[in-house]
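Readers should treat all values here as calculations from the given coordinates under stated rules, not as data from a laboratory. The shown structure was predicted, so the numbers you read here are calculated from the model rather than taken from an experiment. Please note: Cβ atoms are built from the backbone with ideal geometry, for glycine as well, and neighbour counts cover all protein chains shown.
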Amino acid sequence: MPPPTASVDDQLARAKALSEAGNHDAALAIWGPLAHQGVGRAANNIAACFLDGLGVERDPALALQWLEAAAKAGDPVGQRNYATALFQGVGGTDDPAGAYEWYGKAAKAGDAQAQDMLSWMLLEGEVAPYDPAGAKAWAHKAASAGIGPSMTRLGLIFHHALGVERDAEAAVKWWTKAVEAGDADGAAMLGAAHFLGQGIDRDPARALVLLILARRFGSTLADAYRPAVEAALDAPSRERASELAADIAARPPWADLEAPR
């Protein structure tokens with residue numbers, strides 16, 4: 001008797017292991033037949049190879065075709081990646097409205113990163129209709145799945161009273177969670193809250209630690225607050241804050257941001 005055919009999940013797992021080991025040709029040999037059978041995740045993975053030139057010549061236009069196939073096959077990750085490609089103009093296709101539609105499909109299928117992006121679009125109000133209540137609902141779903149930017153966005157929603165009553169303490173709660181999840185913008189906003197004493201005790205020294213870390217990890221929001229915070233501290237306090245930030249940055253996790261006193 002011939003050996004039983006491995007399940008789709010087993011084949012996907014095998015291909016993933018091969019790809020992670022750098023054997024992209026062997027992975028593509030598994031993904032190809034699966035994609036032609038309508039397995040969306042395989043099509044999504046083939047698209048990733050064409051986007052990054054892994055085992056094949058880089059071809060963004062062909063990657064877009066595979067992402068469309070993945071999305072239409074119902075794979076939530078493929079739907080989200082197709083939405084991102086449409087939003088960013090990958091393969092020469094610039095379609096923000098289509099991106100919004102596919103982010104919505106992926107979000108409804110439970111993809112947390114798509115939920116985060118959909119929340120941003122609804123709050124930004126250009127591609128999608130402005131809907132702070134919808135933005136809050138989707139951000140909460142994404143935040144529940146551990147997505148830091150959605151935690152930061154929830155803080156901003158409460159801070160700026162976007163469709164809700166202003167609640168500085170709730171904003172701080174969400175920014176603290178965002179910091180624990182490793183979101184640099186969350187660190188910047190929590191630093192600002194510490195400096196202003198909004199929703200939490202005023203503490204310029206802690207504010208500076210958070211702002212230094214936020215900027216180090218890529219948040220430009222920190223730039224708006226840092227000069228005023230530094231001006232409120234003497235030189236030894238600024239030096240100590242810089243030392244604490246360097247120490248925390250050298251030893252993850254981000255949860256330690258709230259530890260030093």
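Numerical summary
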| quantity | calculated |
| --- | --- |
| The chain: calculated mean residue ellipticity at 222 nm from DSSP helix runs of at least 4, using -39500 (n - 2.57) | -21000 deg cm²/dmol |
| Dipole axis of the chain (+1 Lys, Arg; -1 Asp, Glu on Cβ), positive-most option in Ser144, Leu118, Leu67 | Ser144 |
| Percentage relative contact order, the chain, counting C-alpha pairs under 8 Å, at least six apart | 8 percent |
| Radius of gyration and Dmax over the Cα atoms of segment 126-261, both given in Å | 14.8, 49 |
| Cβ-placed point charges (K, R +1; D, E -1), dipole of segment 1-153 about Cα centre in debye, nearest 20 | 420 debye |
| Dipole moment magnitude, nearest 20 debye, segment 108-258 about Cα centre, only Lys, Arg, Asp, Glu C-beta charged | 120 debye |
| Of Lys72/Lys141; Lys16/Lys72; Lys16/Lys177; Lys105/Lys177; Lys105/Lys136, those spanning more than 29 Å from alpha-carbon to alpha-carbon | Lys16/Lys177 |
| Assigned charges on the beta-carbon of Lys, Arg, Asp, Glu; segment 73-188 dipole about Cα centre (debye) | 280 debye |
| Candidates per GluC sites (Glu not before Pro) in segment 105-204, loop by DSSP, up to 14 other Cβ within 10 Å | Glu126, Glu165 |
